[in-house]
Amino acid sequence: MELVSVIIPVYNGEKTICRCVDSVLSQTWTNIEIIIVNDGSTDGTCDILASKYSNDNRIQVISQNQSGSPVARNKGIKNAKGNYFQFLDSDDYLCNNKIKNQIELAGSDKSVLVWCSTKKNSINQETNYKIIDKKELYNINDPLSFLLCLNGIDGNISMIQPNAFLVSKELLNKAGNWNESLRYSPDDDSEFFSRVILSSKKILFDKNSFNYYSAQKNSLSGKFDSLSASGALKTLKLKFDNILLIENSLSVRMLYRKHLSIVSYLYGPYNSEVLIESLNIIRSLGFKTYASVGGFYFRFIAYFTSFNTALKLRHFLKGLLKISNIISIFILR
C-alpha cells in the first residue's frame, strides 16, 4: 500500500485547521502521513494542533518563521517519506475517498497525473457549494494541450485547485519543487502545477471525488498591491517560458498576450513597472499593444484613447465608489 504524504501549510488557521486535518484522517486510504508546516502563526493554531493531534503518530508538525507557502510546502516535501503527495491548504478539505480513488485510477503508472473537481463556498458556509472547474478537460494524453486548454486557448480560461491533484514522487522529482521566489504571488500554485502537468505523460480525471475550496476575502489570491502585482507577472512569465520552449506558435503567443493584458488590467494600477514590462513582452511576441480585455466600457475607452488611460479612469472610479460606500456606512450609523 503506497504511502501518501499530505502537506498542509498553515498560517493563522485556528478556525479551519481541524476540519482540514480531520478530512485527511477520515480518508479511506489509510496509509498516510500528515506534515503540517506552521508558517509563523500568531493565533491559536499551534495550541489547537498540540492539544488535539499530539498523540497521533501519523501527524508531524513543523514550525518556521513566516516565509510564505512555497517555502512551507518545500519544507514539507523535505520531511516527507511518501510515494505520492497531496497538497492541501489549511482552509480546504477533501472528500473521504479522494486519495483512494486517485491512487487506484493511476494504477502502477507513476507518470500519470490525476485530478478531480472542486466545490467552492465561502469560508463560513458548509452548504451550497458550486463546482468551479466547468471545463470538461477530463482524460487526455497530451499534457501541453491540457495546460493550454486550462489557460484558455479555446477562449475559456478555467482553473484547477492545487488540492484537486495527486502527484507522484516521480513527477515531483521531474518537475522540481515549489518556486520560493513566488512567495507574494497570488498564483504560485499555477506555476508549480504547470511544471507538474508538463512533466506527466497522461492526465486522468477522477469523476468520483471532490475537494472543497473555501474562499477567503483576505487570502493572498485576492490581494492587490505592488508585491502581488510583481508576483503575478513573474508567475506568468515562468509559466509561459516553459510552454514556449515546447510550442512557440502564433496561437500560444496570442494566449500569452491575453494573459499579460489581464495581469496588467488587474494589477497595473498597483505597480507601474508591471505595465511597462508586460507591454515590452507583448511587443517582443510580435504585437503592438495589449489584447482586448475588461468590460464593454473599459474596452470602448481603451480603443479610443489608450489602455493606460482606461486603466487610470477605472482605478479612479473604483476609488470613488469605495469612498462613497464608506460615507454611506458612516451616515447610516
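The values are calculated or read from the model by the stated rules, or taken from the named source; none is laboratory data. The structure presented is a predicted model; accordingly, all values stated were derived computationally and were not measured. As a convention, Cβ positions derive from the backbone with ideal geometry for all residues, glycine included, and neighbour counts pool all protein chains shown.
Here is a yes/no grid of residues against (1) within 17 Å of D189 (Cα to Cα); (2) assigned by TED's automatic domain parsing to the domain that holds N156; (3) part of a helix (DSSP H, G or I):
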| site | (1), (2), (3) |
| --- | --- |
| S228 | yes, no, yes |
| A232 | yes, no, yes |
| T235 | yes, no, yes |
| L238 | yes, no, yes |
| I243 | yes, no, yes |
| N248 | no, no, no |
| R253 | no, no, yes |
| G268 | no, no, yes |
Fill in the blank from the handout: Given the conditions (1) part of a helix (DSSP H, G or I); (2) in contact with a helix residue (DSSP H, G or I) (Cβ under 7 Å, 6 or more places away or on another chain); (3) hydroxyl-bearing (S, T, Y), every one holds for T289 apart from (1)
Handout entry: Hits in region 165-200 - residues which are of a type in the set (K, R) and modelled with pLDDT of 95 or more
Key = K169, K174, R195
Problem - Output for region 77-94, where each listed residue is among the polar types (S, T, N, Q) and either farther than 21 Å from D189 by Cα or free of Cβ contacts under 8 Å to residues at least 60 places away in the same chain (or both) - result: N79
Practice task
Those residues that are without any contact (Cβ under 8 Å) to a residue 40 or more places away in the chain and charged (D, E, K, R), I need them from region 95-114; list them, please.
Solution key: E104
Practice task
Answer with yes or no whether I153 is at pLDDT 90 or above and not assigned by TED's automatic domain parsing to the domain that holds K258.
Solution key: yes
Handout entry: Residue pairs meeting the criteria (Cβ under 6 Å; at least 6 apart or on separate chains; first in contact (Cβ under 8 Å) with a residue 12 or more places away in the chain and surrounded by 18 or more Cβ atoms within 10 Å (Cβ to Cβ), in region 293-321; second assigned to a helix (DSSP H, G or I) and of a type in the set (S, T, Y))
Key = V293/S261; V293/Y265; G294/Y265
Handout entry: Residues of region 171-215 classified as of a type in the set (D, E) and in a strand (DSSP E or B), total
Key = 1
Practice task
Kindly establish whether S284 is at pLDDT 75 or above, surrounded by 10 or more Cβ atoms within 10 Å (Cβ to Cβ), under 21 Å from Y267 (Cα atoms) and in the same structural domain as S261 (by TED's automatic domain parsing).
Solution key: no
Exercise for the section: Out of the residues in region 211-253 that are within 16 Å of the chain's Cα centre (by Cα) and basic (K, R), state the one that is modelled with the lowest pLDDT. Expected result: K217
Exercise for the section: Can you tell me which residue among N280, N308, N208 is more than 21 Å from the chain's Cα centre (by Cα) and within 30 Å of I99 (Cβ to Cβ)? Expected result: N208
Completion exercise
H259 vs (1) over 19 Å from I160 (Cα atoms); (2) modelled with pLDDT of 95 or more; (3) in a helix (DSSP H, G or I): all pass except (1)
Problem - Filter pass, N325 being under 20 Å from P269 (Cα atoms) and either of a type outside the set (A, V, I, L, M) or at pLDDT 80 or above (or both) - result: no
Exercise for the section: Given the conditions (1) more than 20 Å from G294 (Cβ to Cβ); (2) crowded, with 19+ Cβ neighbours inside 10 Å; (3) out of contact with any strand residue (DSSP E or B) (no Cβ under 9 Å at 6 or more places or on another chain), report the number of the one that N242 does not fulfil. Expected result: (2)
Exercise for the section: Those residues that are charged (D, E, K, R), in contact with a Ser or Thr (Cβ under 6 Å, 6 or more places away or on another chain) and in a loop (DSSP other than H, G, I, E, B), I need them from region 11-47; list them, please. Expected result: E14
Problem - Candidate set from region 76-96 (those that are assigned to a loop (DSSP other than H, G, I, E, B) and of a type in the set (A, V, I, L, M)); member that is farthest from T45 (Cα to Cα) - result: A80
Practice task
For N97, state whether it is out of contact with any strand residue (DSSP E or B) (no Cβ under 7 Å at 6 or more places or on another chain) and not aliphatic (A, V, I, L, M).
Solution key: no
Practice task
Exactly one condition in (1) at pLDDT 90 or above; (2) under 21 Å from F210 (Cα atoms); (3) of a type in the set (V, I, T) is not met by I132; state its number.
Solution key: (1)
